[in-house]
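Colleague: One structure, pasted below without further comment.
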Amino acid sequence: LKDQFDNLDKHTQWGIDFLEKYAKFVKERIEIEQNYAKQLRNLVKKYCPKRSAKDEEPRFTSCIAFFNILNELNDYAGQREVVAEEMGHRVYGELMRYSHDLKTERKMHLQEGRKAQQYLDMCWKQMDNSKKKFERECREAEKAQQSYERLDNDTNATKADVEKAKQQLNLRTHMADENKNEYAAQLQNFNGEQHKHYYIVIPQIYKQLQEMDERRTIKLSECYKGFADSERKVIPIISKCLEGMILAAKSVDEHRDSQLVIDCFKSGFEPPGDFPFEDYSQNIYRTISDGTISTPKQEGMRIDSKTTVGKAKGKLWLFGKKPKPQSPPLTPTSLYTSSTPNGSQYPIFSIEPVHYCMSDIKTGKPRIPSFRSLKRGWSVKMGPALEDFSHLPPEQRRKKLQQRIDELNRELQKETDQKDALIKMKDVYEKNPQMGDPSSLQPKLTETMSNMDRLRMEIHKNEAWLSEVEGKVAARSDRRHSSDINHLVTQGRESPEGSYTDDANQEVRGPPQQHAHPNEFDDEFEDDDPLPAIGHCKAIYPFDGHNEGTLAMKEGEILYIIEEDKGDGWTRARRHNGEEGYVPTSYIDVTLEKNSKGA
């Protein structure tokens, strides 16, 4: 059995070696797939168009088909990478993990077998020692008995010697009996341990080794199947790639390519006509005889050589230099107008049109609706933009904050996706160290986590500002609603441009008469007399008024209204001391007085 234990040790070691050998085979296959995919991608990249200019874009069906084939080949390379990744994750990684577990389990079982054998050997040594000791004590007892019998039969021996020999005999006999009992106990213990070893312990260890070896065989079978499944899974997609290549080949149209060539290079010019006959002998004086056949001169057939050559040269500019057309003499009329095929005329800028445009610019009226509105828009646009948009009215501030929160959430989602990708990549590197170093991703992962924390803080801060603004807007709407009810009951509302009701849909405005004035631009500068107050307002929120043309106010302050909101979100107000400026309409509670026009 000891020899069989050694044989089982050798067999299990061979099984682990074979498992690692197959894992090495899978690893080399993965490297082949990765290199193959990499070379295919490099090939596609080499032959793909750079598309640096629009003229280089493929137009012919044969070129388009080739580039479609390159795209399909790139997808095919991606599927080879999928095969390599699947084999690395499902086959190679699983084999390496199982090999490590198998070595650990085999080592444990062999150690248990060796411990059982060592314990049995120890029991045998104890039994053998007790046996030898019993044998030695028995010989000593026999010697003591022989000595006693010799002294007892000897007449010359004294009684003391006989008594001493008798005591020695009794002592040796007693020790022999004790060793006999110990030997019997050790023998019984050894026999029991030996039976337990050969019938219980060793068979159990052999059974565990057998189960371990069978699991190894099953794992190899699963890996063989996974190896084939990794290839079989991508076959449908690879078939689609090949079908795409076939469709690209079928899409080649020679007639369309020929038509493209024709459309690209055709000039649209007519072929040159026949060269006319140039008779240089018509000026030569010839005597007409009876036997001479002569063509009578025809005045209509007289050809000017210079004109003929000029016409011939004018028709040969298809492959040569095109003659410049002679422009007609310039006239004052042609300098200013030109006729089009439909009979209309359009101006051509010469000295007279330039003079006309300059005079039009000088006499034209500037199209600026209001100097005050221009100044007001400038102050709003050029004012300092704060981080929390506190320089804006509440509704505009709420919109800006909401936009910023949405942008930050999108950035946070991008960083979260990047973090998940890095974690997956790190997990792949940890499982497959040959694919990369997991520690190399830690700096990028730390940076991504830092960016996520920063974005969360920014979102939290902006949400706090947004909650503050929404709370103020809700409080203002409640106050405004109650104030509007009071105004409706007590005095109503009326504007300088018409009449108001509390319903915005029932509001009736009269036409603004001041816009019909012909000298609108000049009237905007006539601000010497103070405008009359048309109502009063109460500040709901404080306003700093740092921008030029604005009026600072405190919460609860009462101001006079001298100009209503024109739709831009600003109302012109005046303090008791005469200081005027624009305040945000959403920051105040407005009350317009009845019959306040011209007050």
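Colleague: Could you list, in sequence order, the residues of the stretch 89-112 that are under 33 Å from the mean Cα position of the chain (by Cα), open to solvent by 80 Å² or more (accessible area, probe 1.4 Å) and either aliphatic (A, V, I, L, M) or assigned by the TED database to the domain that holds residue 428 (or both)?
Modeller: 96
Colleague: Going by the conditions given, is residue 126 in contact with a Ser or Thr (Cβ under 9 Å, 6 or more places away or on another chain) and open to solvent by 50 Å² or more (accessible area, probe 1.4 Å)? Before the answer, list the steps.
Modeller: Details: in contact with a Ser or Thr (Cβ under 9 Å, 6 or more places away or on another chain): no; open to solvent by 50 Å² or more (accessible area, probe 1.4 Å): yes.
Considered against the rule, which asks whether it is in contact with a Ser or Thr (Cβ under 9 Å, 6 or more places away or on another chain) and open to solvent by 50 Å² or more (accessible area, probe 1.4 Å), residue 126 comes out as no.
Colleague: If I filter the stretch 179-214 down to residues being touching a residue at least 40 places away in the same chain (Cβ under 8 Å) and charged (D, E, K, R), which single residue comes out as farthest from residue 8 (Cα to Cα)?
Modeller: Going through the qualifying residues, I end up with 180.
Colleague: So, in the stretch 176-229, exactly how many residues are open to solvent by 100 Å² or more (accessible area, probe 1.4 Å) and touching an Asp or Glu at 6+ places or on another chain (Cβ under 6 Å)?
Modeller: 0
Colleague: Could you list all residues from the stretch 244-282 that are surrounded by 12 or more Cβ atoms within 10 Å (Cβ to Cβ) and basic (Lys, Arg)?
Modeller: 256
Colleague: Select from the stretch 129-155 the residues that are open to solvent by 100 Å² or more (accessible area, probe 1.4 Å) and either without any contact (Cβ under 8 Å) to a residue 24 or more places away in the chain or within 13 Å of residue 175 (Cα to Cα) (or both) and write down the one among them that is nearest to the chain's Cα centre (by Cα).
Modeller: The residue in question is 132.
Colleague: Determine whether residue 77 is at pLDDT 90 or above, of a type in the set (Gly, Ala, Ser), in contact with a Ser or Thr (Cβ under 7 Å, 6 or more places away or on another chain) and closer than 30 Å to residue 44 by Cβ. Break it down into steps so the answer makes sense when it comes.
Modeller: Working: at pLDDT 90 or above: yes; of a type in the set (Gly, Ala, Ser): yes; in contact with a Ser or Thr (Cβ under 7 Å, 6 or more places away or on another chain): no; closer than 30 Å to residue 44 by Cβ: yes.
Considered against the rule, which asks whether it is at pLDDT 90 or above, of a type in the set (Gly, Ala, Ser), in contact with a Ser or Thr (Cβ under 7 Å, 6 or more places away or on another chain) and closer than 30 Å to residue 44 by Cβ, residue 77 comes out as no.
Colleague: Evaluate the stretch 206-222: report whether one residue or more is assigned to a helix (DSSP H, G or I), closer than 30 Å to residue 79 by Cα, touching a Lys or Arg at 6+ places or on another chain (Cβ under 9 Å) and not aromatic (Phe, Trp, Tyr).
Modeller: Taking every residue of the stretch 206-222 in turn, none turns out to be assigned to a helix (DSSP H, G or I), closer than 30 Å to residue 79 by Cα, touching a Lys or Arg at 6+ places or on another chain (Cβ under 9 Å) and not aromatic (Phe, Trp, Tyr).
Colleague: How many residues does the stretch 536-555 hold that are aliphatic (A, V, I, L, M) and open to solvent by 20 Å² or more (accessible area, probe 1.4 Å)?
Modeller: Matching residues across the stretch 536-555 total 1.
Colleague: Now, a different point. Within the stretch 230-243, how many residues turn out to be more than 23 Å from residue 71 (Cβ to Cβ) and either among the aliphatic types (A, V, I, L, M) or open to solvent by 20 Å² or more (accessible area, probe 1.4 Å) (or both)?
Modeller: Final tally of qualifying residues: 1.
Colleague: Among the residues of the stretch 79-88, is any crowded, with 17+ Cβ neighbours inside 10 Å and without any contact (Cβ under 8 Å) to a residue 12 or more places away in the chain?
Modeller: yes
Colleague: So is residue 84 farther than 30 Å from residue 253 by Cα, among the small types (Gly, Ala, Ser) and part of a helix (DSSP H, G or I) or not?
Modeller: Against the criterion (farther than 30 Å from residue 253 by Cα, among the small types (Gly, Ala, Ser) and part of a helix (DSSP H, G or I)), residue 84 qualifies.
Colleague: Okay, next question. Suppose we keep only residues that are open to solvent by 40 Å² or more (accessible area, probe 1.4 Å) and either more than 48 Å from the chain's Cα centre (by Cα) or in contact (Cβ under 8 Å) with a residue 60 or more places away in the chain (or both) within the stretch 558-573. Which one would you say is nearest to residue 531 (Cα to Cα)?
Modeller: Once the filter is applied, the top-ranked residue is 560.
Colleague: For residues in the stretch 54-74 being among the acidic types (Asp, Glu), assigned to a helix (DSSP H, G or I) and open to solvent by 50 Å² or more (accessible area, probe 1.4 Å), which is modelled with the highest pLDDT?
Modeller: 56
The values are calculated or read from the model by the stated rules, or taken from the named source; none is laboratory data. Remember, predicted model here, so these are calculated numbers, not experimental data. Virtual Cβ from ideal backbone geometry, glycine too; neighbours counted across all protein chains shown. Heavy atoms of the whole protein, side chains included, go into the accessibility calculation; ligands, DNA and RNA do not. Shrake-Rupley method; radii C 1.70, N 1.55, O 1.52, S 1.80 Å.
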